[in-house]
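Down below is the structure, laid out as structure tokens.
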Amino acid sequence: MNEVAATVGAILLGFLAIILLTVFLSVLKAGPSEVSHLRRKDYGLKPWMSGEMRKATKGATMRELEGIEMKASRGRLVHARKTRAPSPELL
């Protein structure tokens, strides 16, 4: 019976390790800008270890909306920038 529990536990830990590795590699692939973006949103090991993560609230947890502003002239893209605004749920 102990062997079955150990096998199931090893399989679950293996799946968890694969998921964490995939997330870690995707963040590394995105580069330093993605890492700083996640730190601004209070994701990370330090807030988690210190217990300073924000409390979940009722409703949407999105603090801001993000998008892209683009301008075109004569059928060509001449300007593109990332935009950020407070979420309407917070107002």
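Evaluate E = 1/(1 + (r/R0)^6) for E69 and L16, where r is the Cβ-Cβ distance and R0 equals 35 Å; express this FRET efficiency to the nearest 0.05.
The pair E69/L16 has a calculated efficiency of 0.35.
Within the range 9-32, whose backbone N sits under 17 Å from a point 7 Å along Cα→Cβ of K46?
32
A short reminder: the numbers here are calculations on the coordinates, not readings from a lab. No experiment lies behind these values; they were computed from the predicted model shown. As a convention, Cβ positions derive from the backbone with ideal geometry for all residues, glycine included, and neighbour counts pool all protein chains shown.
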